[in-house]
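Since every read-out is calculated from the coordinates, none of them should be taken as a lab result. All figures in this text were calculated on a predicted structure; none of them were measured in a lab. Counting neighbours? That spans all protein chains shown, and the Cβs are built from the backbone with ideal geometry, glycine included.
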């Protein structure tokens, strides 16, 4: 039987929070968003380096734990627990600099009712980060495509905010949407793949979005390929001039790749190959790294292995387009 360890009041709460984060596959950044506090405050507290008054933060953490666990965490008493062995698994929400920056920009735009633009190459994790933020309250996420017209765009916005199906002219439905945002304040509207709304033949869809943001009290984040910023400046200069915040995804660094594999046994050759797949400026991206890692985990499970070798990486790559 494993030995139980005793912890003080502070460590009891910290360990309970960390344990729940791991079980819920939730990042510290998301926890900070849910508590409406800064990410650095949460990170410092969970790393036991927070030196300011912790009363309010600890109260919020206990409330969050009760919501997550359905039970009260009594941090005022010493508790013991058995150390649980967990199977190795990848981090579900890796807090790269790009992920943190996109989440932070979205939060800023929502809190201040501002306009922002996020750009990045395909596979860098832009959509993943935006969809993660869109799980929070009062966030409407729209993913665009080239086939959409103005009515399609309005319909998607209506559906995203929960408005019942409506008919009428574009102007009438736009007025209905803006009335909703002005009544239900504090919303963020995320328009992903926004570059697909702008062509040399028509700018009416992006102009419709600008009209909504001019009238409605709503934060807006436009996201798309790196060309989005140039398209916006070329075809709707007025909307481009209204962008208050912006971020261009940089991709993973070598150090971030190493942190991503923290906790796994991996040989140097395999790690070097995975760094190239993540960081290579021509073809490397987070998506390629993630797909490779999914295959690696499947192979290791089948072979009951526990070390990531170059042989495993090569085997994981056989049915992939690199």
Task: Most to least packed among 28-37, 43-52, 211-220, 171-180 [average Cβ atoms within 10 Å] - done: 211-220, 28-37, 171-180, 43-52
TODO: Express the relative contact order of segment 254-317 as a whole percentage, based on alpha carbon pairs under 8 Å and six or more residues apart in sequence.
DONE: 38 percent
TODO: Give the angle, between 0 and 90 degrees and rounded to the nearest 10, that separates the Cα long axis of helix 204-215 from the longest principal axis of the Cα atoms of the chain.
DONE: 80 degrees
Open item on the list: Once you order the gyration tensor axes a ≥ b ≥ c over the Cα atoms, which shape class does segment 254-317 get: rounded for a/c under 1.5, otherwise prolate or oblate by comparing a/b with b/c?
Closed with: prolate
- [ ] Calculate how steeply helix 97-112 sits against the longest principal axis of the alpha-carbon atoms of the chain, using the helix alpha-carbon long axis, and give the answer as 0 to 90 degrees to the nearest 10.
- [x] 50 degrees
- [ ] Decide, for segment 153-300, between rounded, prolate and oblate: order the square roots of the alpha carbon gyration tensor eigenvalues as a ≥ b ≥ c, take rounded if a/c falls under 1.5, and otherwise choose prolate if a/b is larger than b/c, else oblate.
- [x] prolate
Task: Contour excess over end-to-end distance, with Cα ends at residue 238 and residue 182 and 0.36 nm allotted per residue - done: 18.0 nm
Open item on the list: Just checking my list [x] 29, 24, 20; [y] 59, 34, 16; [z] 39, 29, 16 against semi-axes √(5λ) of the Cα gyration tensor in Å computed from this structure; which label fits?
Closed with: [z]
- [ ] Quickly work out the residue 138-to-residue 215 label distance, labels modelled 7 Å from Cα along the C-beta direction, and quote it in nm with one decimal.
- [x] 2.1 nm
- [ ] Show me 97-103, 163-169, 143-149 ranked by packing, highest mean number of other Cβ atoms within 10 Å first.
- [x] 97-103, 143-149, 163-169
Open item on the list: Suppose only helical runs count, i.e. DSSP H with n ≥ 4. What mean residue ellipticity at 222 nm does that imply for the chain under -39500 (n - 2.57) per run, divided by all residues and rounded to the nearest 500 deg cm²/dmol?
Closed with: -16000 deg cm²/dmol
Open item on the list: If each residue of separation counts as 0.36 nm, what is the full-extension length gain between residue 276 and residue 47 once their alpha-carbon separation is subtracted?
Closed with: 79.3 nm
TODO: Find the relative contact order for the chain and round it to a whole percent, using C-alpha pairs within less than 8 Å whose residues are 6+ positions apart.
DONE: 18 percent
TODO: Compute the Cα gyration tensor for segment 79-237, then decide on rounded, prolate or oblate, letting a ≥ b ≥ c be the square roots of its eigenvalues: rounded whenever a/c is under 1.5, prolate when a/b is larger than b/c in the other cases, and oblate in all that remain.
DONE: prolate
Open item on the list: Under 20 Å from a point placed 7 Å out from the Cα of residue 302 along the Cα-to-Cβ direction: which residues of segment 247-269 have their backbone N that close?
Closed with: none
Open item on the list: Compute the angle between helix 286-303 and the longest alpha-carbon principal axis of the chain, please, reported from 0 to 90 degrees and rounded to the nearest 10.
Closed with: 40 degrees
